[in-house]
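Following: one structure in structure tokens, then a few remarks.
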């Protein structure tokens, strides 16, 4: 049960990543994902980029783990990696430009990801012993 809760929290915290670019441009990841999904139907070639495809695949994979009896550890790790590519990059950019909104929006995902990795590693050790 704790694994499903952690995976659910990973999905939720990944949606609230915050981006700013140009003087007046800013959005949360869930807003950008809505635009990506709408463009997927009209112009799929315009969204083909690793920083758009991998995080969405990560979220879909985590969503799949919520329907498994026991969330798959390997799938969870891969999904954390897919989402982590974008969110850790956003965190690093936030630190470089000292934007507290970007930093604050990515820290929850990073913290939950670390907790989830430790949980799944400990769970595996308990099964082996």
- request: Provide a single number: the residues in the stretch 53-77 that are within 19 Å of residue 122 (Cβ to Cβ), without any contact (Cβ under 8 Å) to a residue 40 or more places away in the chain and assigned to a helix (DSSP H, G or I).
  value: 2
- request: All but one of (1) touching a helix residue (DSSP H, G or I) at 6+ places or on another chain (Cβ under 6 Å); (2) modelled with pLDDT of 90 or more; (3) more than 27 Å from residue 98 (Cβ to Cβ) hold for residue 39, so report the exception by its number.
  value: (2)
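Can you tell me which of 95, 88 is closer than 13 Å to residue 105 by Cβ, free of Cβ contacts under 8 Å to residues at least 24 places away in the same chain, surrounded by fewer than 16 Cβ atoms within 10 Å (Cβ to Cβ) and under 14 Å from the mean Cα position of the chain (by Cα)? Explain how you work it out, then say what you get.
On the way: 95 fails: under 14 Å from the mean Cα position of the chain (by Cα).
Answer to the check: 88.
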statement: Of the conditions (1) touching a residue at least 12 places away in the same chain (Cβ under 8 Å); (2) under 17 Å from residue 105 (Cα atoms), the single one that residue 31 does not satisfy is (1)
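For the stretch 16-35: of the residues being part of a helix (DSSP H, G or I) and surrounded by 17 or more Cβ atoms within 10 Å (Cβ to Cβ), which is modelled with the lowest pLDDT? Outline the logic, then answer.
Taking the stretch 16-35 as the starting set, the residues that turn out to be part of a helix (DSSP H, G or I) are 29-35.
Among the residues that remain, those that are also surrounded by 17 or more Cβ atoms within 10 Å (Cβ to Cβ) are: 29, 33.
On the way: 29: 91, 33: 88.
Out of the qualifying residues, it is 33.
The values are calculated or read from the model by the stated rules, or taken from the named source; none is laboratory data. A quick note: this is a predicted structure, and the numbers were derived from the prediction, not measured. Every residue, glycine as well, gets a Cβ built from its backbone with ideal geometry; the counts of neighbours run over all protein chains shown.
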